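Asks: Okay, here's the structure, questions in a sec.
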Amino acid sequence: MKKNILLSLLIAHLFITNVLADTELKTSDVFVTATRTPIAKNNVIADITIITEEEIKFAGSSTIVELLQRQPGIEISNNGGPGKVSTFNIRGTSSNHSVVLIDGLRIDSAFNGLTALQNLSLSQIEKIEIVRGPASSLYGADAIGGVIQIFTKKGINGFNPYLNIGAGSYNTKSLETGVRGITDNTNYAINFSGYNTEGFSAFKPNSLAQSNSYNLDKDGYNNFSLSGFLSHKFNDNDKIILNLFVSKGSNKYDNPTADTYRVSNFKDKQIQEMFSVAIENKINDKWTSNIKMGLGIDKYVDMQRSLDDFYTLSPLRDSYLSRQNQFSWINNIKLPLGSLVMLYDFTGQKINVSPQPVCSYDDDGIQTGCVLEPYKKTKRNNQGLMIGYLLTQENHNFQANVREDINSLYENSTTGNLGYAFNFNPEWKIALSYGTAFRSPTFNYAYAPNYSNENLQPEKSKNAEATLKYQSDLDSVSFTIFQNKINNLIVTNASYVPANINNAEIVGSTLSASHFFGHLLLKGNYTFQLPKNEDKAAILPLRSKEYGNVSMNYYYENWNFGIETSASAKRYNDENNNYKISGYSVTNLIADYKINNELALNLRLNNLFNRDYSLALNTFDNSGSIIKYQTPGSSFFINLRYEPK
């Protein structure tokens with residue numbers, strides 16, 4: 001059944017991408033993330049996707065993770081519903097092999113290298129740019145699989161207040177409001193959003209699991225988010241830009257060892273904040289400068305109190321705070337042929353964490369005592385120097401970057417990228433690229449008081465790819481083949497200590513396409529990949545060999561009707577391939593109706609056929625039982641948008 005679904009996706013793609021980004025917004029014609037400087041999207045060599053504001057509006061109640069799932073080359077995992085840990089993999093790489101930026105800044109956790117996407121509200125987002133493939137030569141550490149850059153809402157012409165109200169299944173409610181505007185030389189926006197849901201049990205009930213009775217409650221989630229933007233153009237050459245982003249989430253979750261803790265209501269809080277100021281200057285007709293400084297914060301608080309004597313050593317709340325001070329200076333210099341991009345950036349990471357219990361055991365494995373110990377190191381700095389060259393000349397596009405990263409705690413890393421594209425005609429293009437990248441060891445892996453390894457070195461990768469593209473006013477086709485070799489892969493050994501002991505190779509292809517038939521838009525994507533751990537002859541965990549999406553949208557007067565299906569073949573939850581996650585397909589219906597120039601109504605019916613599937617497993621129950629994380633059943637959400645003109 002799953003093979004037939006995936007095969008139908010592939011066949012559909014021969015007629016049908018991701019194209020609303022190409023037809024809706026003028027800002028979609030410009031792409032920043034692939035070069036760190038604005039260029040025409042058609043001149044980008046890398047494998048890219050733009051998700052526009054119109055697509056985000058049409059997505060309705062979708063989360064950012066669900067929206068990413070529908071993009072080429074991306075698969076996701078989720079630990080049991082809204083607000084639960086959610087990760088993504090780009091073209092078979094790990095969830096911490098990609099960089100996530102909000103308005104150019106990192107807000108990931110220095111403890112585990114992950115960005116809490118489950119805590120980011122789509123209501124704050126204007127556009128998302130996705131780069132698939134290595135980008136460490138632009139962004140430094142962790143960009144082995146690619147980069148996802150989120151742009152928060154900016155001003156639009158005039159004075160534009162708005163209000164969105166939504167409600168749906170699982171007693172879900174949402175409220176979004178704000179003001180966006182442009183007056184003379186000032187661009188501004190302030191956006192607020194609130195979200196609350198009772199949710200459902202994160203764990204699927206399992207009578208064989210010892211923790212089952214503790215985990216049958218509803219695991220709800222609520223979030224408050226705020227973003228702000230202000231820019232002022234002093235003259236034709238000088239501009240200042242201020243950005244603000246805050247997201248605070250409160251979450252309930254299930255724990256596989258709840259019977260040990262004797263706690264049934266597990267809670268946590270996640271806070272993400274970003275502040276930045278940028279100064280853009282046009283020094284002369286050939287030289288532009290952009291200086292940005294900012295702070296990215298990720299704070300996770302585990303709210304538990306344990307009733308067991310052993311756990312009285314632990315504090316009432318475990319708090320994990322990451323702060324990243326960031327600075328960048330980008331210079332773009334026009335040459336007689338092409339342009340030069342020169343960059344210096346600095347990232348200072350600092351963590352603040354509750355002391356952690358470190359326990360000792362006798363020869364029979366019986367615990368003999370525990371003490372509280374701090375992390376071995378709590379800060380590190382990284383400096384990056386990059387020089388790049390961009391050329392667009394007649395039918396030729398060329399890009400070259402080289403970057404040196406100098407870190408205070410581990411060896412320096414040099415990365416580079418070469419890319420070339422040839423336009424056969426205005427529609428057809430072929431692109432070739434080769435790049436290297438690296439991932440730095442996280443604080444948990446390198447400096448935690450227990451089960452860590454200070455001698456870890458960065459993972460390193462070499463990626464080669466080729467892309468054939470076709471783009472016209474009504475059609476779009478893109479086919480990419482890629483090979484990514486990763487050395488010094490960090491995995492835990494038999495003693496649960498991380499070490500650079502494995503190598504991985506990921507080979508595959510991604511096909512995406514779209515076509516307009518009058519009022520009907522067909523689009524989709526299909527990825528086939530072999531993400532192998534070469535040392536274990538196993539498939540890398542949480543990666544499928546094939547997955548994809550297909551959708552249809554019909555535009556009639558003030559209506560937009562849509563149907564979308566996402567499907568994936570089986571994958572494994574662990575690196576030894578002992579625990580299989582079954583394949584799945586899920587279908588959603590969407591309708592968007594423009595009542596008048598100021599009012600619009602959006603309705604989503606998710607999981608139309610009430611498929612029972614999981615995106616992750618938990619194998620740590622004390623009984624040895626495998627516990628599945630639940631996903632939503634058939635559900636609906638309706639949203640009313642008010643945007644007075």
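The values are calculated or read from the model by the stated rules, or taken from the named source; none is laboratory data. The structure displayed is predicted, hence computed values, not measured ones. Because the Cβ atoms are built from the backbone with ideal geometry, glycine has one as well, and the counts that use them run over all protein chains shown. Note: accessible area is taken over every heavy atom of the protein model, side chains too, but ligands, DNA and RNA are not part of it. Shrake-Rupley method; radii C 1.70, N 1.55, O 1.52, S 1.80 Å.
Asks: Give the residue, chosen from Ser634, Ser614, Ser623, Ser585, that is surrounded by fewer than 17 Cβ atoms within 10 Å (Cβ to Cβ) and either modelled with pLDDT of 95 or more or out of contact with any Leu (no Cβ under 9 Å at 6 or more places or on another chain) (or both). Don't jump to the end; show me each part of the working.
Replies: Numbers: Ser614 fails: surrounded by fewer than 17 Cβ atoms within 10 Å (Cβ to Cβ); Ser623 fails: either modelled with pLDDT of 95 or more or out of contact with any Leu (no Cβ under 9 Å at 6 or more places or on another chain) (or both); Ser585 fails: surrounded by fewer than 17 Cβ atoms within 10 Å (Cβ to Cβ).
Being surrounded by fewer than 17 Cβ atoms within 10 Å (Cβ to Cβ) and either modelled with pLDDT of 95 or more or out of contact with any Leu (no Cβ under 9 Å at 6 or more places or on another chain) (or both) holds for just one of Ser634, Ser614, Ser623, Ser585, which is Ser634.
Asks: Can you tell me how many residues within region 441-477 are assigned to a helix (DSSP H, G or I) and either more than 24 Å from Asn412 (Cα to Cα) or open to solvent by 30 Å² or more (accessible area, probe 1.4 Å) (or both)?
Replies: The total comes to 2.
Asks: Now, a different point. Kindly indicate the residue of region 365-407 that is among the small types (Gly, Ala, Ser) and at pLDDT below 95 and also farthest from Ser319 (Cα to Cα) among those meeting that condition.
Replies: Selected residue: Gly365.
Asks: Let me ask something else. Can you tell me which residue in region 330-381 is surrounded by the most Cβ atoms within 10 Å (Cβ to Cβ), limited to those that are closer than 28 Å to Lys282 by Cα and among the charged types (D, E, K, R)?
Replies: Here the residue is Asp345.
Asks: So which of Lys532, Lys536 ends up being touching a Leu at 6+ places or on another chain (Cβ under 8 Å), of a type outside the set (A, V, I, L, M, F, W, C) and open to solvent by 40 Å² or more (accessible area, probe 1.4 Å)? Give the steps one after another, and end with the answer.
Replies: Values: Lys536 fails: touching a Leu at 6+ places or on another chain (Cβ under 8 Å).
Within the list Lys532, Lys536, the selection yields Lys532.
Asks: For residues in region 292-317 being at pLDDT 95 or above and open to solvent by less than 50 Å² (accessible area, probe 1.4 Å), which is farthest from Leu114 (Cα to Cα)?
Replies: Lys292
Asks: State all residues of region 568-582 that are assigned to a strand (DSSP E or B), of a type in the set (D, E, K, R) and open to solvent by less than 40 Å² (accessible area, probe 1.4 Å); if no residue qualifies, say none.
Replies: Within region 568-582, Arg571 is the sole residue that qualifies.
Asks: Given the criterion touching a helix residue (DSSP H, G or I) at 6+ places or on another chain (Cβ under 7 Å) and more than 17 Å from Gly140 (Cβ to Cβ), identify the matching residue among Thr392, Thr368, Thr378, Thr415. Working first, answer last.
Replies: Working: Thr368 fails: touching a helix residue (DSSP H, G or I) at 6+ places or on another chain (Cβ under 7 Å); Thr378 fails: touching a helix residue (DSSP H, G or I) at 6+ places or on another chain (Cβ under 7 Å); Thr415 fails: more than 17 Å from Gly140 (Cβ to Cβ).
The match here is Thr392.
Condition check ((1) among the polar types (S, T, N, Q); (2) closer than 30 Å to Ser360 by Cβ; (3) assigned to a strand (DSSP E or B)) across all residues:
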site	(1), (2), (3)
Ala499	no, yes, yes
Ala504	no, no, yes
His515	no, no, yes
Thr527	yes, no, yes
Lys532	no, no, yes
Lys536	no, no, no
Pro541	no, no, no
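Asks: How many residues, within region 132-153, are assigned to a loop (DSSP other than H, G, I, E, B), open to solvent by less than 10 Å² (accessible area, probe 1.4 Å) and under 17 Å from Leu489 (Cα atoms)?
Replies: 3
Asks: Taking region 63-105, which residues are in contact with a Leu (Cβ under 6 Å, 6 or more places away or on another chain) and in a helix (DSSP H, G or I)?
Replies: The answer is Ile64, Val65.
Yes/no matrix, rows are residues, columns are (1) under 22 Å from the mean Cα position of the chain (by Cα); (2) part of a strand (DSSP E or B):
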| residue | (1), (2) |
| --- | --- |
| Val179 | no, yes |
| Ile182 | no, yes |
| Tyr195 | yes, yes |
| Pro205 | no, no |
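Asks: Same structure, new question: Among the residues of region 199-208, what is the count of those that are open to solvent by less than 40 Å² (accessible area, probe 1.4 Å) and either under 15 Å from Pro632 (Cα atoms) or of a type in the set (Lys, Arg) (or both)?
Replies: Total satisfying the criteria: 5.
Asks: Take the residues of region 498-529 that are farther than 21 Å from Ser566 by Cα, hydrophobic (A, V, I, L, M, F, W, C) and open to solvent by less than 40 Å² (accessible area, probe 1.4 Å): which is nearest to the chain's Cα centre (by Cα)?
Replies: The selected residue is Ile506.
Asks: Looking only at region 424-440, count how many residues are surrounded by fewer than 24 Cβ atoms within 10 Å (Cβ to Cβ) and either touching a strand residue (DSSP E or B) at 6+ places or on another chain (Cβ under 6 Å) or not hydrophobic (A, V, I, L, M, F, W, C) (or both).
Replies: The total comes to 11.
Asks: Let me ask something else. Among the residues of region 546-563, count how many are crowded, with 23+ Cβ neighbours inside 10 Å and closer than 21 Å to Gly60 by Cβ.
Replies: Adding up the residues that qualify gives 2.
Asks: Give the residue that is nearest to Leu114 (Cα to Cα), with candidates limited to residues of region 318-354 that are modelled with pLDDT of 95 or more and part of a loop (DSSP other than H, G, I, E, B).
Replies: So the residue we want is Gly338.
Asks: If you don't mind, there's one more thing I want to ask. Tell me which of these Pro644 doesn't satisfy, since it passes every other one: (1) in contact with an Asp or Glu (Cβ under 7 Å, 6 or more places away or on another chain); (2) at pLDDT below 95; (3) open to solvent by 50 Å² or more (accessible area, probe 1.4 Å); (4) of a type outside the set (D, E, K, R).
Replies: (3)
Asks: Now a separate question. Could you list, in sequence order, the residues of region 209-262 that are surrounded by 23 or more Cβ atoms within 10 Å (Cβ to Cβ), polar (S, T, N, Q) and touching a Pro at 6+ places or on another chain (Cβ under 7 Å)?
Replies: Ser211, the sole residue that qualifies.
Asks: Is one or more of the residues making up region 22-30 open to solvent by less than 10 Å² (accessible area, probe 1.4 Å) and either modelled with pLDDT under 95 or assigned to a helix (DSSP H, G or I) (or both)?
Replies: Within region 22-30 (the criterion being open to solvent by less than 10 Å² (accessible area, probe 1.4 Å) and either modelled with pLDDT under 95 or assigned to a helix (DSSP H, G or I) (or both)), the answer is yes, since at least one residue qualifies.
Asks: Consider only pairs whose beta carbons are under 6 Å apart and that are at least six residues apart or on different chains; among these, list those whose first residue lies in region 111-129 and is open to solvent by 20 Å² or more (accessible area, probe 1.4 Å) and whose second residue is part of a strand (DSSP E or B) and of a type in the set (Gly, Ala, Ser).
Replies: Within 6 Å, the pairs are Gln118/Ser86; Ser121/Ser193; Ser121/Ser225.
Asks: For region 47-62: of the residues being open to solvent by 20 Å² or more (accessible area, probe 1.4 Å) and in a loop (DSSP other than H, G, I, E, B), which is farthest from Tyr195 (Cα to Cα)?
Replies: Gly60
Asks: Can you confirm whether Leu390 is aliphatic (A, V, I, L, M), in contact with a Ser or Thr (Cβ under 6 Å, 6 or more places away or on another chain) and open to solvent by 20 Å² or more (accessible area, probe 1.4 Å)? Explain how you work it out, then say what you get.
Replies: Numbers: aliphatic (A, V, I, L, M): yes; in contact with a Ser or Thr (Cβ under 6 Å, 6 or more places away or on another chain): yes; open to solvent by 20 Å² or more (accessible area, probe 1.4 Å): yes.
Judged against the criteria, Leu390 is a match.
Asks: Right, something else. If Ala600 meets every condition in (1) over 27 Å from Ser77 (Cβ atoms); (2) surrounded by fewer than 14 Cβ atoms within 10 Å (Cβ to Cβ) apart from one, which number is that one?
Replies: Checking Ala600 against (1) over 27 Å from Ser77 (Cβ atoms); (2) surrounded by fewer than 14 Cβ atoms within 10 Å (Cβ to Cβ), the one that fails is (2).
Asks: Which one of these does Ala167 not meet: (1) assigned to a loop (DSSP other than H, G, I, E, B); (2) open to solvent by 30 Å² or more (accessible area, probe 1.4 Å)?
Replies: It fails just one condition, (1).
Asks: Please go through region 42-90 and pick out each residue that is over 30 Å from Asn423 (Cα atoms) and among the basic types (Lys, Arg).
Replies: The answer is Lys57, Lys84.
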